[in-house]
Amino acid sequence: MNQYFLSVFLFLLLLNARCASAEALTSSADTSTENWTIHYQATTVSQGHPGFPTAYSGANSLQSTSEFDTSLTSTIFLGRRLWHGGEVYFDPELSAGKGVSSTLGIAGFPNGEIYRVESPAPKTIVARIFVKQIFGLGTEMEHVGDDENQLSGNIPVHRITVIVGKFSLNDYFDDNAYSHDPRTQFLNWALMDNGAWDYAADTTGYTWGVYFEYNTKNWAVRFASAMEPAQANQMALDTDIQQAHGDQIEFEHRHSINGHRGAVRIMYYENHADMGSYSEVLNNPKYNMDVTQTRTYRTKYGVGMSADQELTKDLGVFARLGWNDGATESWAFTEIDRTASVGASLNGNRWHRPDDNVGLAILVNGLSEDHAAYFAAGGYGFMLGDGKLNYAPEEILETYYLWKPLSYLGVTGDFQFVNHPAYNQDRGPVYLYALRLHYEI
């Protein structure tokens, strides 16, 4: 509850801040080349659920009695132009609070603003620090406006971009116009990102790596290689980068149908890390259903698809599909081996609220046969494990309404229905409700 009052107090301070100068800077940056960019965001999510039926619980189960928790993130986005095509960015970030049940018990976790944390106390990290270099390959130019980690100016349409440093892989991969930002869109982990993409990251979602992109007018191909955590979902990264690294390649095609924009992205990824094997632990009693005892350097691979399509100037739809081999333990993101989602986003123009937005999505997550058998035999992952399992796909519905009373403030009411939490027919369903406050300049 202390985190809740901290969040409210912070937003009261922010609402009293004078924003005129920041708005003037943004306006000028949208029409000219700037050498500096600075943005700020603060987001708080207060989320809870009533009690729900359950036949049993384990160490990693969602709490079956009612609970209510609050999370807070606060980020400064700083950028500076270094030379022609060269830029540097630095993002300090503060986080506090926790998700319901300490972020355990639901694979498609309902709060995308919180990760697995050891303590709800406020902590500050360097979220991103990287250098970006753009190499132009043609004379046609396009203007990009001032934004978070983006300097205003004209850049070549046909270009190669190289990034080196600390960042999040989901900054550049698995994008989606209607379902990729838990601060303004859907909150669920497996809607903001492809749940079956076990992307390399520390507990807070960031990693060190290199990124390459080749972009043309209608399509792009991008590749990145980044450091993996030394242990499943932990802060420390494995420094043996020859054996431990996460690689992904994605092809994106952008198009227009009857004047309405759309895009399709296809991704393949491989994780190389010191991971355990579900089949090995299932077939050898000496490991006592502890997958961590089977760890050695292995490869995990998967594929994903993300698509979005504008239908009218106010209405857009999206879909995602994801699959991984499910043979090795979930390592960095969440415990999902198969996922499928569809949804829609409607702008508030129709009811004279052009800055408002409403969204609706459905989501189904699943496990590989070995992964499900491991949980059924009493095994535990880093965020799931009820002690046993009566398997069924995890089914989720989410809807939200984003109200913008001011240009820099968003207030969102969010509702999620989770059937078979953690893939268990013997637990749930669960109803979750949330209030999100998001401030940005």
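About the Cα centre of region 2-440, how large is the charge dipole given +1 on each Lys and Arg Cβ and -1 on each Asp and Glu Cβ? Please answer in debye to the nearest 20.
500 debye
If each of TYR268 and LEU435 carries a label point 7 Å out from its Cα toward its Cβ, how far apart are those two points in nm?
Once both label points are built, they end up 4.9 nm from each other.
Normalising by the residue count of region 138-249, find the relative contact order in percent from Cα pairs under 8 Å and 6+ residues apart.
About 22 percent, as a whole number.
Please give the helix 2-15 orientation as an angle from the longest Cα principal axis of the chain, in degrees from 0 to 90, rounded to the nearest 10.
Approximately 10 degrees, to the nearest 10.
What residue among SER277, HIS352, PRO393 has its Cα farthest toward the positive end of the dipole of the chain, where the charges are +1 on Lys, Arg and -1 on Asp, Glu, each on the Cβ?
The residue sitting most towards the positive pole is HIS352.
Test of understanding: in a Gaussian network model of the chain with alpha carbons linked when under 10 Å, which of ALA344, ALA201, ALA422 would top the mean-square fluctuation ranking?
Largest GNM mean-square fluctuation: ALA344.
If you plug each phi of region 175-180 into the Karplus form 6.51 cos²θ - 1.76 cosθ + 1.60 with θ = phi - 60°, what whole-Hz ³J(HN,Hα) values come out, in order, with x for Gly and Pro?
3J(HN,Hα) across region 175-180, in whole Hz: 5, 7, 5, 10, 7, 8.
Starting from the alpha-carbon convex hull of region 282-397, give the projected area averaged over all orientations, in nm².
Approximately 9.2 nm², given one-decimal rounding.
Working only with C-alpha atoms, what are the Rg and Dmax values of region 90-210, expressed in angstrom?
16.6, 54
With the crude spin-label approximation of a point 7 Å out along Cα→Cβ, what separation in nm comes out for MET289 versus LYS123?
Each label point is offset 7 Å from its Cα along the Cβ direction, giving 3.0 nm.
On full extension of the chain, what length is gained from GLU140 through LYS388, given 0.36 nm per residue of separation minus the C-alpha to C-alpha distance?
Stretched fully, the GLU140-LYS388 segment lengthens by 83.3 nm.
Suppose we look only past 27 Å in the calculated P(r) of the chain. What percent of the Cα-Cα pairs does that tail hold?
The share of Cα pairs beyond 27 Å in the chain comes to 54 percent.
Kirkwood hydrodynamic radius for region 355-441: how many Å is it when counted over pairs of different Cα atoms?
14.9 Å
Of the options ASN188, PRO110, TYR178, report the single residue whose Cα projects farthest towards the positive end of the charge dipole of the chain (beta-carbon charges: Lys, Arg +1; Asp, Glu -1).
TYR178
Would you mind checking LYS217/LYS313; LYS123/LYS300; LYS98/LYS166; LYS313/LYS404 for any pair whose Cα atoms are more than 29 angstrom apart?
LYS123/LYS300
Can you give the charge dipole size of region 283-368 about its Cα centre, rounded to the nearest 20 debye, using +1 on the beta carbon of Lys and Arg and -1 on the beta carbon of Asp and Glu?
That gives region 283-368 a dipole magnitude of about 200 debye.
Pairing the Cα long axis of helix 20-29 with the longest principal axis of the chain, what angle in degrees results, from 0 to 90 and rounded to the nearest 10?
80 degrees
Distance between Cα centroids, region 146-161 to region 258-332: provide it in whole Å.
If you average the Cα positions of each part, the centres end up 30 Å apart.
Divide by every residue of the chain the summed helix terms, -39500 (n - 2.57) for each DSSP H run of at least 4, and state the resulting mean residue ellipticity at 222 nm, rounded to the nearest 500 deg cm²/dmol.
When only DSSP H runs of four or more count, the value is -2500 deg cm²/dmol.
Just want the answer: with Cβ charges of +1 for Lys and Arg and -1 for Asp and Glu, which residue in GLN248, PHE90, MET289 is farthest toward the dipole's positive end in the chain?
Towards the positive end, the residue furthest out is PHE90.
Once label points are set 7 Å from the Cα along Cα→Cβ at both PHE223 and TRP351, what is their separation, rounded to one decimal in nm?
Result: 4.9 nm between the two label points.
The numbers here are math on the coordinates, done by the rules we state, and not lab data. Quick caveat, the model's predicted, so the values are computed rather than measured. Using ideal geometry, Cβ is built from the backbone for each residue, glycine included, and neighbour counts are taken over all protein chains shown.
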